[in-house]
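Undergrad: Here's a structure for you.
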Amino acid sequence: MASKPTVEVTLISGRRPALLDATLSSFHKNLFAHCTVSRFIANIDPFGGSAQDQKSCVELIRGYFPDAEIFEPLTPSFGGAVQRVWQASTGPVLFHLEDDWLLLEPLDVEKCLGLFTEQVAVIKLVSKEHGWTPEDGPYLKGRVSRKWLGMRLGKRTFNKHGLSPGFFLGPFVRKWASMIHPDSDPDLDPEKQARPGVNQALFEYVDQFTCKMLPGQRTVNLIEDIGRQWRDNQGLVKRVHDGKSTWERG
């Protein structure tokens, strides 16, 4: 019998056990059951619930992965959480996950891993939030205005890399993690830092690699964001101030 492909998993979570339960159930059924998870590395920030909710999240993770490595910082920091789990990883490939997504159909993990090349560092599962269609081409791209002497000269494209669920090359994310927070501020959003004009050294590094989009077989969207409804129910709005993501009452 052929061995299953192996991946590490990194998870960013808050104190939201109902969301985490749905996420872990979905990804276990459609992904983790079809591969060998060599390590499971999670960060649970004290955000969105109580101390009991935090305990429940730990128990949910250990129900699937008894040997999971779980960080439980005393203060929440999205940037710090991402940096922490990525720097703790050691494998050649990892699957990065957040606590508020559903995987809508089973994945052929071996086929997914076969999509990596020297140029492709990320295999991103398509969601409607990406605003991507197959007509856009196989890779996730962003666009930024070009200026010269204060004049706009149209827009250029760049390779966009987000933190929504997907497969990532291990050396790529560890290098990314080592380059974020150039001013030692752990709250700077690591996704925004990988865009033009924020952390130029990091942007120039990640822009060398492409992010290949993986659509579903039944519909183009392979994953579904279940966090937006939770935020609406809590009356929260995500805002970015000086490169820092915060949740505020609307």
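Undergrad: Considering only protein heavy atoms, what per residue accessible area in square angstrom results for the range 5-90 with a 1.4 angstrom probe?
TA: 40 Å²
Undergrad: So what's the net charge close to Phe65: Lys and Arg +1, Asp and Glu -1, counting the other residues with Cβ under 12 Å from its Cβ?
TA: -2
Undergrad: Convert each backbone phi in the range 3-16 into a coupling constant with the Karplus relation 6.51 cos²θ - 1.76 cosθ + 1.60 (shift: θ = phi - 60°), then list the ³J(HN,Hα) values in order as whole Hz, x for Gly and Pro.
TA: Coupling constants for the range 3-16: 6, 6, x, 10, 9, 8, 10, 10, 10, 10, 9, x, 8, 9 Hz.
Undergrad: Modelled label-to-label distance, Lys29 and Glu129, 7 Å Cα→beta-carbon offset: nm?
TA: 2.1 nm
Undergrad: Something else now. Given a 1.4 angstrom probe, I'd like the percentage of the accessible area of the range 42-87 that is carbon and sulfur, rounded to a whole number.
TA: Roughly 53 percent, rounded to a whole number.
Undergrad: Also, I was wondering about something else. Taking Rh as the Kirkwood radius, which is the inverse of the mean 1/r over Cα pairs, what is the Rg/Rh value for the range 1-107?
TA: 0.96
Undergrad: Just grab the label-to-label distance for Glu110 and Ser38, each label 7 Å out from Cα along the Cβ direction, in nm (one decimal).
TA: So the two model labels end up 1.8 nm from each other.
Undergrad: Pull out a ≥ b ≥ c, the square roots of the eigenvalues of the alpha-carbon gyration tensor of the range 62-105, then state rounded if a/c is under 1.5, prolate if not and a/b is larger than b/c, and oblate in the remaining case.
TA: Since a/c stays below 1.5, the shape of the range 62-105 is classed as rounded.
Undergrad: Also, I was wondering about something else. How far is it, in nm, from the label point at Asp21 to the one at Arg218 when both lie 7 Å from their Cα along the line to the Cβ?
TA: 2.3 nm
Undergrad: Another one. Where Rh is the Kirkwood radius over the Cα pairs of the range 35-78, the temperature 37 °C and the viscosity 0.692 mPa s, what D in µm²/s does Stokes-Einstein return?
TA: 294 µm²/s
Undergrad: May I ask which of Lys55/Lys128; Lys55/Lys175; Lys124/Lys155; Lys29/Lys55; Lys128/Lys155 have a Cα-Cα span longer than 30 Å here?
TA: Lys55/Lys128; Lys55/Lys175
Undergrad: How long, wide and thick is the range 48-165, going by the Cα atoms along their three principal axes, in whole angstroms, largest first?
TA: Per principal axis, max minus min of the Cα coordinates gives 55, 37, 28 Å.
Undergrad: I need the phi-derived Karplus couplings for the range 73-84: 6.51 cos²θ - 1.76 cosθ + 1.60, θ = phi - 60°, integer Hz, Gly and Pro marked x.
TA: 3J(HN,Hα) across the range 73-84, in whole Hz: x, 7, 10, x, 7, 4, x, x, 5, 4, 4, 5.
Undergrad: Protein chains only, probe 1.4 Å: how do Asp67, Asp45, Asp136, Asp207 rank by accessible area, largest first?
TA: Solvent-accessible surface, decreasing: Asp67, Asp136, Asp207, Asp45.
The values are calculated or read from the model by the stated rules, or taken from the named source; none is laboratory data. Note that the coordinates shown come from a computational prediction; the quantities given were computed from them, not determined experimentally. Please note: Cβ atoms are built from the backbone with ideal geometry, for glycine as well, and neighbour counts cover all protein chains shown. Each accessible area value is taken on the protein alone, full model and side chains, heavy atoms only, with ligands, DNA and RNA left out. Shrake-Rupley method; radii C 1.70, N 1.55, O 1.52, S 1.80 Å.
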